[in-house]
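To start, the structure under review is shown below, and the notes come after it.
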Amino acid sequence: MNKEDGLLVGNYRFFCTFSDEAALPAYKGSIFRGVFGNALKRVVCALRRETCQSCLLSSNCLYAILFEDEQKKEVFSRLAAPPRPYVIEPSTNLETRLSAGDSFDFGLLLFGQFNKSLPYFVYAISQMGKGGIGSKINGRRAKFILDEVRCNNIPVYKSQSGELAGEDFARRLFVDSVKPNQHEATRLKINLETPLRLKFENHLIAELPFHILLRAILRRISSLFSCYAQGEPQLDYTGLVQRARDVAVEDSSLTWFDWKRYSSRQDQTMLMGGMMGTVVYKGSLVEFIPLIEAAAELHIGKQTTFGLGRFSLEKL
C-alpha cells in the first residue's frame, strides 16, 4: 500500500479557560460549531457585503467550502452529498454552568488537505473566545482564552508565544486488509459515546443490527477517502454487508437520547436525537475489525460535525 493512499487525519485538542461565568447546554457540540462558523467567516471573508452564493472567491474560500453546501458540492463534485472535512468533538462535561477561571477542552478532527488550514482554525477559535459563547449572563456571553492546542498530546500552539509548531502532526489512517493469521474475533462490544443518528430505508432507527452498523461504517470511510484521500478503498462492499448479516446481537442496552439545538439559519429549535449505550455482537468478526477500528476515529452517521456518532469498541 502506497504511503500516500491513506486518509490524513489530524486529531487536535483545544484547551481553554473561561474569563466569565458561562451558561451552556449539556451537549455542547452544536453551540461550538455554530459560533465557530461565525468566527471563521469573520476571519477569512474578503468581500463582507457579498453572499457566499454570489461571491467570486467562494470556490477558494475556507468558510464557504466548510459551511455552504453549494460551494462544498462544487469543490467535491464526486459525491452528491460530500462529507464535511472536520468534526468538532465537544467536552464530555455535561455541566451547564461554569465559573470564571474554569477550564474546558474540546477536540477538532481535520481530514486531508484541510490540516494545512489549522492556523485559520486556531485563530478563529481564539477570536471566538473574544466574542463569547453560550447564553447571556448580565447582558454578555462568556468569553474565554485559548491556552493551548495539542495533537496526539504534543503541543502545537501556546497562547504565550502565539506561534504554531512548524511540524505536521497529522497522521495517515489506512484501512488495512486482515492478516490471515490474525486471531479470530467472535465477540465485540460497541460503546456509543455520543448520539448516533442512522437512517435505514429512509427512516431513523432505534436499534443497531450489525449489518446496519457496518453499512454506516463503509459509507463514512468511502465518502471521506473519496473526497480527502486518493479515492475510496478497494473493498468487497456487497460481500461485506452480506456477511455482516450473519453477525448476531448478543446483548443491547441502547436507549434513545433526545437533545435540541437552535439553528440560527432556520431560526428554529431542532430535535437531534440518536442512539446511545452499548451493544454486543457475536459471530465471525475478524474481517470487520480493521474497518470498525478506522471508523471509531472518524465518527459515523448523521451530524458528525457536531460530534455525533462517536463510538469505541472492545474485543471480548
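Are there strands (runs of 3 or more DSSP E) fully within region 78-140 with at least 1 residues that are over 30 Å from Ala294 (Cβ atoms)? List them.
Of the strands (runs of 3 or more DSSP E) lying wholly inside region 78-140, those with at least 1 residues that are over 30 Å from Ala294 (Cβ atoms) span 103-111, 133-137.
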Report task. Spot the failing condition for Thr51; the list is (1) polar (S, T, N, Q); (2) more than 27 Å from Asn138 (Cα to Cα); (3) not in a loop (DSSP other than H, G, I, E, B), and only one is missed. Result -> (3)
Query - Residues of region 244-253 satisfying the condition of being within 13 Å of Leu213 (Cα to Cα) and surrounded by 15 or more Cβ atoms within 10 Å (Cβ to Cβ) - result: Ala244, Val247, Val249
**Report entry** Subset of region 192-235 that is touching a residue at least 24 places away in the same chain (Cβ under 8 Å), surrounded by 15 or more Cβ atoms within 10 Å (Cβ to Cβ) and polar (S, T, N, Q) - its residue that is farthest from Ser253 (Cα to Cα)
**Finding:** Ser226
Query raised in the report: Among the residues of region 143-165, is any of a type in the set (Phe, Trp, Tyr), at pLDDT 90 or above, outside the structural domain of Asp246 (by TED's automatic domain parsing) and closer than 23 Å to Trp259 by Cβ?
Result: yes
Query raised in the report: Which condition does Arg97 not pass, out of (1) of a type in the set (D, E, K, R); (2) touching a residue at least 40 places away in the same chain (Cβ under 8 Å); (3) within 23 Å of Leu164 (Cα to Cα), if it passes all the others?
Result: (3)
Requested in this report: Would you check which residues across region 15-43 are closer than 16 Å to Arg97 by Cα and in a strand (DSSP E or B) and list them?
Outcome: Cys16, Thr17, Phe18, Ala22, Ala23
Query raised in the report: Quick one: how many residues across region 242-256 are among the polar types (S, T, N, Q) and in contact (Cβ under 8 Å) with a residue 40 or more places away in the chain?
Result: 1
Report summary line: Within region 105-136, residues surrounded by fewer than 22 Cβ atoms within 10 Å (Cβ to Cβ) and aromatic (Phe, Trp, Tyr) come out as Phe106, Phe114, Tyr120, Tyr123
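Matching residues to (1) at pLDDT below 95; (2) under 13 Å from the mean Cα position of the chain (by Cα):
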{"position": "Val280", "(1), (2)": "no, no"}
{"position": "Val286", "(1), (2)": "yes, no"}
{"position": "Ile289", "(1), (2)": "yes, no"}
{"position": "Ile300", "(1), (2)": "no, yes"}
{"position": "Thr304", "(1), (2)": "yes, yes"}
{"position": "Leu316", "(1), (2)": "yes, no"}
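Which one is surrounded by the fewest Cβ atoms within 10 Å (Cβ to Cβ), of the residues in region 1-51 that are of a type in the set (D, E, K, R) and within 18 Å of the chain's Cα centre (by Cα)? Let's see the steps before the verdict.
Our first condition is that a residue be of a type in the set (D, E, K, R); within region 1-51, this holds for 3-5, 13, 20-21, 28, 33, 41-42, 48-50.
Next, from what is left, pick out any that are within 18 Å of the chain's Cα centre (by Cα): 13, 28, 33.
Working: Arg13: 16, Lys28: 23, Arg33: 20.
Restricting to residues being of a type in the set (D, E, K, R) and within 18 Å of the chain's Cα centre (by Cα), the top hit is Arg13.
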Query raised in the report: Given the structure, is Asp69 modelled with pLDDT under 85, acidic (Asp, Glu) and closer than 26 Å to Leu308 by Cβ?
Result: yes
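The values are calculated or read from the model by the stated rules, or taken from the named source; none is laboratory data. Because the structure is predicted, anything quoted here is derived from the model rather than measured. So basically every Cβ, Gly included, is an ideal-geometry build from the backbone, and we count neighbours across all protein chains shown.
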